[in-house]
Structure formats: structure tokens, C-alpha cells
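Below you'll find the structure, written out as C-alpha cells, and then a few comments.
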Amino acid sequence: MKPLSDNEIHERLTAARQLIGDGTAETVRGDTALEAARRVLSGLSLALLLAGEQESDRLTGVKDQDAP
């Protein structure tokens, strides 16, 4: 399998965010998980686009990018 391009990764992050949707959960912990997932997926998607525009390999706002 060939490595994914930045555009393909962005499309997958966007698709995952859309799959989660804007619905609510039956429990507070479910709502907490959904909201966290929405924020993370949206943030990663935007950080990837920004890094591409800046021609940088670093994603703004993502911690421990050098960690194994």
C-alpha cells in the first residue's frame, strides 16, 4: 500500500468528523468522548492544512511530535 498524501489524510480526517456527526450521547461520558473526538479531528485537519500552506513538517498545536 502506498503512503497517503496530505490531501488523502485530510479527506479521511474530514470523513471521520462527518461520521461522528453532531448528535448527542445518552450519557455525559459519551458526550464528552464525542466532543473530544470532534475537536481533535477538526484540529488535526486544520493543523495539517496550515502546515501544508507553511511548507512545514510540524503541526501547530500538536504536542510531542518528536516522541516515538
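The values are calculated or read from the model by the stated rules, or taken from the named source; none is laboratory data. Predicted model, so just to flag it, every value in this text is computed and none were measured. All Cβ positions, glycine included, derive from the backbone under ideal geometry; neighbour counts span all protein chains shown.
For the criterion of being part of a helix (DSSP H, G or I) and of a type in the set (Val, Ile, Thr), residue 32 passes. Checking every residue in region 28-44 against the condition of being surrounded by fewer than 10 Cβ atoms within 10 Å (Cβ to Cβ) and more than 12 Å from the chain's Cα centre (by Cα) gives at least one match. With respect to (1) at negative phi; (2) within 12 Å of the chain's Cα centre (by Cα), the lone exception for residue 7 is condition (2).
What is the number of the single condition among (1) of a type outside the set (Val, Ile, Thr); (2) modelled with pLDDT under 90; (3) surrounded by fewer than 12 Cβ atoms within 10 Å (Cβ to Cβ) that residue 19 does not meet? The failed condition is (2).
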